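Note sheet for the following structure.
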Amino acid sequence: MKWKLGDFVRFVDERREGYVTRIFDEEMIGVTGDDDFEIPVPANRVTSVHGHEQARNPQSATTNEPAIKAENFVKTGVYLAFITDNKAASVVHFHLVNTTSFQLLATFTTEQDRFKGEFGGIIDPGKSEKIYSAQLADIQTWPKFHIAVLFFTAQNIPALAPLHLIEKFKAKDFAGAKKPVPVINQNGWLIQLDEAEVKIDPDKLKESFFKTAEEKQQVDRPQKEVDLHIEKLRDDYQFLSSPEILNVQLNHFRKALDAAIVHQLPEIVFIHGAGNGILKHELHKVLSKHQKVQTFMDARKEKFGYGATKVILK
C-alpha cells in the first residue's frame, strides 16, 4: 500500500480529487473532497497530484554538529505531538518533536495482530518528523504503539539511557485542550516522552511538614473534600489570567495531596468542576505518576457529575 492518510490524490476515471482519510485494507481507501464527503475507491484507481508529494530525504548521523557549551546543552524535551490535518480534520498526524541538543535515532512501530515498522530515522535538534497518521474517530481500534529513542552527540556529554515506551491511547488522553507544539508552531495534543517520574520520599516529606514552629508552621489536616474552584481559593480571582488561575489551583491541589499523605488519609476527593477539562487533565497527569496514589476515579457522580476525582492513597 503506497497511500497514507493525508495524501492528496486524484481519481483516474473522473475529475475528482481529495485527501486520503481512511485506509480500509491493501486494496481500498477512502478519499474526502471539498464537499467533506468520503468516497470509497480502489487504491489503484487514484494517482498522486504533482506538487503535493512529500519528499522524504534520508538522513544520516553526523559529527559535524555545532559545539554547544555544557551548561547550555539541553538534555530533555522529546515530545509526541498529535496535530489534526489542515484539510481533513478527521485525520490526526503523529509528530516526534526534538527540542533537545541531541540527535535522536528513533523508531516507531505498531502492534495489532502483527508488528509493523512505521518510521525509522534521525531527528536533529530543534526538528520534528511526521511518523504516523490515523483517524481520530477510530481511536478505540488504534494499535499499540512502540516508540524507541537513542540519544546521540559527538560532544563530551554523558550518554542518556535509551527510551522505550509502549502506549495504547484512549479517548480520555485527548480530552484536554490543545496546546502550542514546539518546533512545529501549530496547536495540538502534546505528550513529553522523557518526562521525569515523580518520586516522593515519605520520610523527607514528613520531616518537611513537621519542622519546629520557628522553621515552618505545621501543616493542617486536609478536609476529605477539597474544592479547587478558584473563587474558593482567591478573593482576587477576577484579576487573574487563565494560566495564573490554573497555577493557583494546581499548587493548592499538590499541598492538599501531600498533607493527606502525611496524615495517612485513606482517600481524598478533589472538586475541580467539569469546565473545559484542563484542570482535571492536569490533576490526573500528576496522580497517574504519583507513587503514593493507589488509584483514582470519578467521585460520586450523583453528587458531582464528572466534576470531582476521588483519590485512593496507599
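Take the range 21-48 and flag every residue that is within 15 Å of Ser90 (Cβ to Cβ), assigned to a strand (DSSP E or B) and of a type in the set (A, V, I, L, M, F, W, C).
Correct list: Ile23, Ile29, Val31, Ile39.
Name the residues in the range 162-186 that are in contact (Cβ under 8 Å) with a residue 60 or more places away in the chain and on the phi > 0 side of the Ramachandran plot, would you?
Once the filter is applied, which keeps residues that are in contact (Cβ under 8 Å) with a residue 60 or more places away in the chain and on the phi > 0 side of the Ramachandran plot, the range 162-186 yields only Val183.
Conditions (1) small (Gly, Ala, Ser); (2) in contact with an Asp or Glu (Cβ under 6 Å, 6 or more places away or on another chain), marked per residue:
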position	(1), (2)
Ala134	yes, no
Pro143	no, yes
Ala148	yes, no
Phe152	no, no
Gln155	no, no
Ala161	yes, no
Leu165	no, no
Lys172	no, no
Lys178	no, no
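Taking the conditions exactly as written (over 23 Å from Gly176 (Cα atoms), of a type in the set (Asp, Glu) and assigned to a helix (DSSP H, G or I)), does Asp258 satisfy them or not? Lay out the reasoning, then the answer.
Numbers: over 23 Å from Gly176 (Cα atoms): yes; of a type in the set (Asp, Glu): yes; assigned to a helix (DSSP H, G or I): yes.
For Asp258, the condition - over 23 Å from Gly176 (Cα atoms), of a type in the set (Asp, Glu) and assigned to a helix (DSSP H, G or I) - is met.
Residue under question is Phe94, and the condition is that it be under 13 Å from Ile147 (Cα atoms), in contact with a Lys or Arg (Cβ under 8 Å, 6 or more places away or on another chain) and buried (at least 16 other Cβ atoms within 10 Å of the Cβ); does it hold? Full working, then the answer.
Values: under 13 Å from Ile147 (Cα atoms): yes; in contact with a Lys or Arg (Cβ under 8 Å, 6 or more places away or on another chain): yes; buried (at least 16 other Cβ atoms within 10 Å of the Cβ): yes.
When the stated conditions are applied, Phe94 passes them.
Can you tell me which residue among Lys280, Lys289 is buried (at least 20 other Cβ atoms within 10 Å of the Cβ), in contact (Cβ under 8 Å) with a residue 12 or more places away in the chain and closer than 21 Å to Lys172 by Cα?
Matching residue, one of Lys280, Lys289: Lys280.
Can you tell me which residue within the range 143-188, out of those that are aromatic (Phe, Trp, Tyr) and at pLDDT below 90, is surrounded by the fewest Cβ atoms within 10 Å (Cβ to Cβ)? Walk me through how you get there before you give the answer.
Narrowing the range 143-188 to residues aromatic (Phe, Trp, Tyr): 145, 151-152, 169, 174.
Cutting the leftovers down to at pLDDT below 90 gives us 169, 174.
Details: Phe169: 18, Phe174: 15.
By that ranking, first place goes to Phe174.
Looking only at the range 284-309, count how many residues are more than 20 Å from His229 (Cβ to Cβ) and charged (D, E, K, R).
Total satisfying the criteria: 2.
The values are calculated or read from the model by the stated rules, or taken from the named source; none is laboratory data. Quick caveat, the model's predicted, so the values are computed rather than measured. Because the Cβ atoms are built from the backbone with ideal geometry, glycine has one as well, and the counts that use them run over all protein chains shown.
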